[in-house]
Amino acid sequence: MTYENASAFAQTSGLLYFVTIFMAVAVYAFWPRNRARFDAAAHLPLNED
């Protein structure tokens, strides 16, 4: 295996890894069940205690 092949493999696998992580975070953030939790967190700084 040459350096160019190893580099191309690392770049491709790294890209796929980060795209997968990004998609998982995006799905988690926009999942309807999590909406109430995120809305409550968004209004937390505005609550007067």
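Each value in this text was obtained by applying a stated rule to the coordinates, not by laboratory testing. In this text the structure is predicted, and so the values were computed from the model without any measurement.
Dimensions of the chain along the principal axes, based on C-alpha atoms and rounded to the nearest Å, stand at 62, 22, 8, largest first.
Using only Cα atoms, tell me the angle between helix 3-30 and the longest principal axis of the chain; keep it within 0 to 90° and round to the nearest 10. Approximately 20 degrees, to the nearest ten. Per-residue Karplus couplings for the stretch 32-37, computed as 6.51 cos²θ - 1.76 cosθ + 1.60 with θ equal to phi - 60°, are listed in order as x, 5, 8, 4, 5, 5 Hz, Gly and Pro entered as x. Counting only DSSP H runs of at least 4 residues, each contributing -39500 (n - 2.57), and dividing by the residue count of the chain, the helix-based mean residue ellipticity at 222 nm comes to -25500 deg cm²/dmol.
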